[in-house]
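The values are calculated or read from the model by the stated rules, or taken from the named source; none is laboratory data. Fair warning: this is a prediction, and the values are worked out from it, not measured in the lab. Note: ideal-geometry Cβ built from the backbone for every residue, glycine included; neighbour counts use all protein chains shown. Remember, those area values only see protein heavy atoms, side chains included, never the ligands or the DNA or RNA. Shrake-Rupley method; radii C 1.70, N 1.55, O 1.52, S 1.80 Å.
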Amino acid sequence: MLTGPTRRSVLTAGLAAGAGVLGLTGCAAGGAAKPVRSLAPSSSAPPTGSITVWSWDVAAQAMKRLAPVFQQQHPGTTVQVVDIGYDSAYDKITVGLQAGTGLPDLLTVEGERLPAYLGSFPAGFYDLTALAGQHQSRFAPAAWTTVTDPQGKVRALPWDIGPCGLFYRTDLFRQAGIDPATILTWDDYVRAGVRLRSATGQKLLVLDSVKDSTIGMLLQQQGQSLFAGGGKVAVGTPQAVKALTLLKTLADQGLVDYEKGWDGLVTATKAGKAATAPTAAWWSGTLTSEMPELKGKFDVLPLPAFEAGGVRTSDAGGSTLAVTAQSKNPQLAWAFTEFLLADTGNQISMLKNEGIFPAYLPALADPFIDAPQEYYGGKPVFRVFADLAKAIPPVEYTKDDAKAGQIMATTVAGVLLHGDDPGKALGSAARQITAATGRGALSG
């Protein structure tokens with residue numbers, strides 16, 4: 001999601017996206033597993049009554065702004081949006097799922113966290129396949145993967161997505177004599193960084209050596225996550241070695257400014273300590289809101305590819321709306337979800353007002369996507385991300401992502417801070433994750 005707290009979660013939680021559900025079992029309150037409830041089209045009159053929605057930050061703001069419009073279009077309905085704050089959101093959701101009570105009708109859940117919840121509490125959310133299935137072709141495939149359970153059932157509807165590109169300082173590139181059009185591969189990027197450091201003394205990018213999230217972006221760019229091939233441990237693959245070797249090369253060349261967490265990234269960017277940020281579309285909202293003094297000094301490129309002609313994007317962030325099995329009015333909860341997320345006008349409204357980049361593909365053809373953006377010197381930067389969104393490789397997520405993420409965070413830190421060999425470090429990480437999860441490893 002494109003909120004400040006969610007951006008922090010992407011950067012500071014690193015790969016441990018499911019930490020809030022780590023170690024939980026699939027049976028709530030110690031009882032037997034409950035059957036998954038399915039929501040079917042209603043043949044009765046339009047839904048009425050009330051629902052409660054939990055969300056946070058700009059996501060909650062967007063729903064509070066659009067709820068009156070929904071209510072006007074659906075007489076006799078009331079939508080109460082509660083901003084529960086990001087810091088405690090997943091604690092509250094987990095407690096409600098464990099207890100089998102206390103949850104609202106509708107929940108915001110980040111896409112990377114949803115598979116962990118579905119693995120631990122398969123009956124905690126409605127099966128929406130009969131209602132949502134018709135929309136599959138209209139959503140980015142990478143986002144759709146996060147809402148589909150291992151049985152192929154649709155358990156939520158995608159909201160936003162985080163297509164990744166390369167934000168860069170146009171003034172620093174000009175000072176160093178770097179033509180951005182020549183940065184086609186990560187090797188090109190490293191060479192540009194060496195030239196930039198020599199000409200300006202500036203670093204190329206900011207990394208958090210303790211809780212890195214960049215490795216996940218680089219893995220997805222190559223079509224995998226921490227798991228692949230049907231849930232097998234995939235951190236010892238050639239793709240993983242290639243990703244971690246790139247980070248080590250950047251560090252060894254002195255191109256990395258190490259900062260702690262989200263606040264460190266923002267502060268370093270404001271101070272001009274790094275000339276680029278390979279990250280998601282939502283970074284634009286941070287630039288425009290927190291760094292207005294840098295107006296006219298940024299532009300965007302697709303991510304460099306690992307090989308010439310290769311994939312030039314990835315995904316970081318993104319969220320969903322899920323109807324809880326505890327809902328007393330699931331039909332109305334679904335109607336509000338569909339109103340928000342399967343509607344071009346509402347999706348573009350949220351992009352304009354709250355900076356939420358749509359996973360809904362029809363919205364990416366709206367004229368606003370091609371509008372000049374003043375902050376970027378009149379460049380239509382949203383078009384770059386709209387084109388990239390369609391090319392994001394779908395990857396696997398599992399209920400064990402949190403365990404694997406914690407091990408990987410330590411592994412990456414060892415390579416960046418202590419010079420560990422990427423191949424050996426990832427081989428060790430694969431063995432640790434296999435032992436921790438009981439899953440087999442994907443052979444290289």
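Checked against (1) open to solvent by 20 Å² or more (accessible area, probe 1.4 Å); (2) of a type in the set (D, E, K, R); (3) in contact with a helix residue (DSSP H, G or I) (Cβ under 9 Å, 6 or more places away or on another chain), Asp401 passes all but condition (1). Any idea which of (1) of a type in the set (Val, Ile, Thr); (2) at pLDDT 95 or above; (3) within 15 Å of Val206 (Cα to Cα); (4) open to solvent by 40 Å² or more (accessible area, probe 1.4 Å) is the one Val256 doesn't satisfy? Of the numbered conditions (1) of a type in the set (Val, Ile, Thr); (2) at pLDDT 95 or above; (3) within 15 Å of Val206 (Cα to Cα); (4) open to solvent by 40 Å² or more (accessible area, probe 1.4 Å), the odd one out for Val256 is (4). Where helices (runs of 4 or more DSSP H) sit wholly within segment 82-167, those with at least 3 residues that are open to solvent by less than 30 Å² (accessible area, probe 1.4 Å) occupy 89-99, 114-120, 141-146. For segment 282-309, a residue qualifies if it is part of a loop (DSSP other than H, G, I, E, B), in contact (Cβ under 8 Å) with a residue 60 or more places away in the chain and open to solvent by 10 Å² or more (accessible area, probe 1.4 Å), and the qualifying residues are Lys295, Gly296, Lys297, Phe306, Glu307, Ala308. Within segment 191-208, being open to solvent by 20 Å² or more (accessible area, probe 1.4 Å) and over 23 Å from the mean Cα position of the chain (by Cα) holds for Arg191, Val194, Arg195, Arg197, Ser198, Ala199, Thr200, Gly201, Gln202, Lys203.
Just one of the listed residues (Lys242, Lys273, Lys211, Lys232) is in contact (Cβ under 8 Å) with a residue 40 or more places away in the chain, in contact with a helix residue (DSSP H, G or I) (Cβ under 7 Å, 6 or more places away or on another chain), among the basic types (Lys, Arg) and open to solvent by 10 Å² or more (accessible area, probe 1.4 Å), namely Lys211. Here Thr182 clears all of (1) surrounded by fewer than 20 Cβ atoms within 10 Å (Cβ to Cβ); (2) farther than 18 Å from Pro302 by Cα except the condition numbered (2). Taken together, the criteria place Thr78 among residues that are touching a residue at least 24 places away in the same chain (Cβ under 8 Å), of a type outside the set (D, E, K, R), open to solvent by 20 Å² or more (accessible area, probe 1.4 Å) and farther than 15 Å from Asn346 by Cβ. Of the helices (runs of 4 or more DSSP H) that lie entirely inside segment 322-435, those containing 1 or more residues that are farther than 30 Å from Leu219 by Cβ and modelled with pLDDT under 95 span 344-354. Taking into account only those residues within segment 51-70 that are under 17 Å from Ser319 (Cα atoms) and small (Gly, Ala, Ser), which is surrounded by the fewest Cβ atoms within 10 Å (Cβ to Cβ)? Here the answer is Ala60.
Here Lys352, Lys390 are screened, and the one residue that is of a type in the set (D, E, K, R), free of Cβ contacts under 8 Å to residues at least 24 places away in the same chain and open to solvent by 50 Å² or more (accessible area, probe 1.4 Å) is Lys352.
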